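A short write-up of the structure that comes next.
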Amino acid sequence: MPKSIEKEIVEIVSKLTKLPKEKCALDAHFKKDLNIDSFVVLEMVFAVENKFKITLPEDELNNVFTLKDFIDLTEKVMEKSNA
């Protein structure tokens, strides 16, 4: 059974940030809670885009502040690409 999008993204974030997966709470704010700067966010975007063969719209990325926001946007884009 394939991994869920959420689990895949948590693994990517954990690997790029060197944070344990348990610390990657869905409601965690990238900057305030996880101390993730904009460069790491860009790395996350590139990794997710490559993994899922999608393009995340830049204008919508400006409203992504938590892991849940990031997962939701990824799922939204994937649904559109499969439609």
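Assuming 0.36 nm per residue, please report the length gained on full extension of the stretch Lys3 to Leu42 beyond their Cα-Cα distance.
Length difference between fully extended and current span is 11.8 nm.
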Q. When percent of Cα pairs over 21 Å apart is calculated directly from the model, which label among (1) 41; (2) 32; (3) 20 fits?
A. (3)
Q. Whose amide H sits under 5 Å from the amide H of Ile36, counting only residues 5 or more places off or on another chain, with H placed in the peptide plane?
A. Lys31
(Q) Using each residue's phi in the range 24-36, evaluate 6.51 cos²θ - 1.76 cosθ + 1.60 at θ = phi - 60° and report the 3J(HN,Hα) Karplus result to the nearest Hz, with x for Gly and Pro. (A) 8, 5, 4, 8, 5, 6, 3, 7, 5, 9, 9, 6, 9
Q.
Of the candidates Glu43, Glu22, Glu11, which one comes out as most mobile in a Gaussian network treatment of the chain with C-alpha springs shorter than 10 Å?
A. Glu22
**Q.** Label-point separation in nm, Lys31 to Asp59, each point 7 Å along Cα→Cβ
**A.** 2.2 nm
Q | Neighbour net charge for Ile54 - beta-carbon separation under 14 angstrom, K R +1, D E -1 | A | -3
Q: For the range 41-56, just list the computed ³J(HN,Hα) in residue order, Karplus coefficients 6.51, -1.76 and 1.60, θ = phi - 60°, integers in Hz, with x standing in for Gly and Pro.
A: 4, 4, 4, 4, 4, 4, 5, 5, 4, 5, 4, 9, 6, 10, 10, 7
Q) Can you list the HN-Hα couplings for the range 8-14, worked out from phi with the Karplus curve (6.51, -1.76, 1.60; θ = phi - 60°), rounded to whole Hz and with x for Gly and Pro? A) 4, 5, 4, 4, 4, 4, 4
Q. Using modelled backbone amide H atoms (1.01 Å from N, in-plane), which distant-in-sequence or interchain residues come within less than 5 Å of Thr66's amide H?
A. Phe30
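Quick note: the coordinates plus some simple rules give every number you see, no bench work behind them. No experiment lies behind these values; they were computed from the predicted model shown. Note: ideal-geometry Cβ built from the backbone for every residue, glycine included; neighbour counts use all protein chains shown.
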